[in-house]
Amino acid sequence: MKLAGVGDNVVDRYRDLGTMFPGGQALNVAVYAHRFGIEAAYLGALGDDLAGRHVLGAIRAEGIDASRLRVVPGHNAFAEVVLVDGNREFGISEPGVSKFCLGPEDLEYLARFDIVHSSESSYLEDQLGLLAGVAPLSFDFSVRRDPAYIEPLLPHVEIAEFSLSDLDDADAEAWLERIHRLGPRLILATRGPADALLFDGQRTWRQPSVPAELIDTLGAGDAFIARFLVGIVRGEPFEQSLADAAIQAAATCGTYGAFGHGTAAFPPMSPVRDTTVVSTTPAQRS
């Protein structure tokens, strides 16, 4: 039973705390999945700077397979985070060296996994067909709903996730039905404190949120998604996976950062834009 997160990683830099934490949707889901009891791997690109080395240390500490990870010259991706009453808000961000190309050895490796998960912030849209060709693909669209973006991708996606916190029940359910017609087998919607929804084309499941100590909401949605995907891999009833996903999401709200490993932040990095890793071979890691 294995899951691979493929795509984005960042350091989330909390200005008010003077602390940075490793994060990124694909990496968060891999870490959470491993914490929830299955084997997990992360495939992405890290910078060779202090931030990238910190993320690599956290990946190793969490026991995540990083055998296909790239470490390349340049700045790691980052996002600045501000907390407003416990709700995370993002400031400036830069992709750094996070863009990369999948190669034949990557795809051969990923074919060993039960689920591959990626996201709209991973810059892999033109490679989703490759991922879907080797393993069932889970993809987090987050708040992206523009047809020009989502419709070409949905035929490749088996499990689609959306953040629909701005929609009421009727509009959210209508959205799930629309998305199902475009390809995915399952559509999961997280909605902040409102009920999460799951749709399989015939039935809608509802999962109420669990009361939480609101310290930092960053990572809560990723924890929910990861626990649900772990349930898929294990063959759990949806009711069981959704109920535990809500518990894990609430627990994540009670700590700073997506999955811990905070360290002192350092002065702002120079912007690094449009950097692509063209090599398909993992770099040497020190």
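The values are calculated or read from the model by the stated rules, or taken from the named source; none is laboratory data. These figures come from a predicted structure and were not determined experimentally. Ideal geometry is used to build each Cβ from the backbone, glycine not excepted, and the neighbour counts take in all protein chains shown.
Scan the stretch 113-135 for residues that are within 15 Å of Ala66 (Cα to Cα) and touching a Lys or Arg at 6+ places or on another chain (Cβ under 7 Å) and jot them down.
Within the stretch 113-135, Phe113 is the sole residue that qualifies.
Provide a single number: the residues in the stretch 45-64 that are free of Cβ contacts under 8 Å to residues at least 60 places away in the same chain and under 16 Å from the mean Cα position of the chain (by Cα).
Of the residues in the stretch 45-64, 4 are free of Cβ contacts under 8 Å to residues at least 60 places away in the same chain and under 16 Å from the mean Cα position of the chain (by Cα).
Being among the hydrophobic types (A, V, I, L, M, F, W, C), surrounded by 18 or more Cβ atoms within 10 Å (Cβ to Cβ) and at pLDDT 95 or above is the filter here; which residues of the stretch 206-237 pass it? Steps first, please.
Step one: of the stretch 206-237, the residues among the hydrophobic types (A, V, I, L, M, F, W, C) are 210, 212, 214-215, 218, 220, 223-226, 228-230, 232-233.
So of that shortlist, the ones also surrounded by 18 or more Cβ atoms within 10 Å (Cβ to Cβ) come out as 212, 218, 220, 223-226, 228-230, 232-233.
Matches in the stretch 206-237: Ala220, Ala223, Phe224, Ile225, Ala226, Phe228, Leu229, Val230, Ile232, Val233.
Kindly provide the set of residues from the stretch 31-47 that are of a type outside the set (Ser, Thr, Tyr) and more than 18 Å from Gly262 (Cα to Cα), ordered by number.
Filtering the stretch 31-47 for residues of a type outside the set (Ser, Thr, Tyr) gives 31, 33-41, 43-47.
Correct list: Ala33, His34, Phe36, Gly37, Ile38, Glu39, Ala40, Ala41, Leu43, Gly44, Ala45.
Output the number of the condition that Asp85 fails; it satisfies all remaining conditions of (1) over 16 Å from Asp12 (Cβ atoms); (2) in contact with a strand residue (DSSP E or B) (Cβ under 8 Å, 6 or more places away or on another chain); (3) modelled with pLDDT under 95.
So the condition that Asp85 fails would be (2).
Please count how many residues of the stretch 212-229 are closer than 17 Å to Ala4 by Cα and in contact (Cβ under 8 Å) with a residue 60 or more places away in the chain. Walk me through how you get there before you give the answer.
So the first thing to find is which residues in the stretch 212-229 are closer than 17 Å to Ala4 by Cα, and the list is 222-229.
Next, only the ones that are in contact (Cβ under 8 Å) with a residue 60 or more places away in the chain stay: 222-223, 225-227, 229.
Residues flagged as closer than 17 Å to Ala4 by Cα and in contact (Cβ under 8 Å) with a residue 60 or more places away in the chain within the stretch 212-229 amount to 6.
Consider the stretch 5-30. How many of its residues are charged (D, E, K, R) and either assigned to a loop (DSSP other than H, G, I, E, B) or touching a Cys at 6+ places or on another chain (Cβ under 7 Å) (or both)?
Taking the stretch 5-30 and keeping what is charged (D, E, K, R), we get 8, 12-13, 15-16.
Okay, now just the ones that are also either assigned to a loop (DSSP other than H, G, I, E, B) or touching a Cys at 6+ places or on another chain (Cβ under 7 Å) (or both), so 8, 15-16.
Qualifying residue count for the region: 3.
Based on this model, can you work out whether Tyr149 counts as without any contact (Cβ under 8 Å) to a residue 40 or more places away in the chain, closer than 26 Å to Thr217 by Cβ, touching an Asp or Glu at 6+ places or on another chain (Cβ under 9 Å) and not small (Gly, Ala, Ser)?
Numbers: without any contact (Cβ under 8 Å) to a residue 40 or more places away in the chain: yes; closer than 26 Å to Thr217 by Cβ: yes; touching an Asp or Glu at 6+ places or on another chain (Cβ under 9 Å): yes; not small (Gly, Ala, Ser): yes.
The answer is yes for Tyr149.
Residue-wise test of (1) crowded, with 18+ Cβ neighbours inside 10 Å; (2) among the basic types (Lys, Arg).
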{"site": "Val29", "(1), (2)": "yes, no"}
{"site": "Ala45", "(1), (2)": "yes, no"}
{"site": "Arg53", "(1), (2)": "no, yes"}
{"site": "Arg68", "(1), (2)": "yes, yes"}
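Which one is farthest from Gly257 (Cα to Cα), of the residues in the stretch 196-231 that are part of a loop (DSSP other than H, G, I, E, B) and among the charged types (D, E, K, R)?
If we take residues in the stretch 196-231 being part of a loop (DSSP other than H, G, I, E, B) and among the charged types (D, E, K, R), then Arg203 is farthest from Gly257 (Cα to Cα).
Please work out which residue is nearest to Ala220 (Cα to Cα), limiting yourself to the stretch 242-286 and to residues that are part of a strand (DSSP E or B) and at pLDDT 50 or above.
Checking each candidate, the answer is Thr263.
Where residues in the stretch 1-24 are more than 9 Å from the chain's Cα centre (by Cα) and of a type in the set (A, V, I, L, M, F, W, C), which of them is surrounded by the fewest Cβ atoms within 10 Å (Cβ to Cβ)?
Taking the stretch 1-24 and keeping what is more than 9 Å from the chain's Cα centre (by Cα), we get 1-4, 10-22.
Of the ones still in play, those that are also of a type in the set (A, V, I, L, M, F, W, C) are 1, 3-4, 10-11, 17, 20-21.
On the way: Met1: 15, Leu3: 27, Ala4: 29, Val10: 28, Val11: 33, Leu17: 17, Met20: 28, Phe21: 27.
Across the stretch 1-24, the extreme among qualifying residues is Met1.
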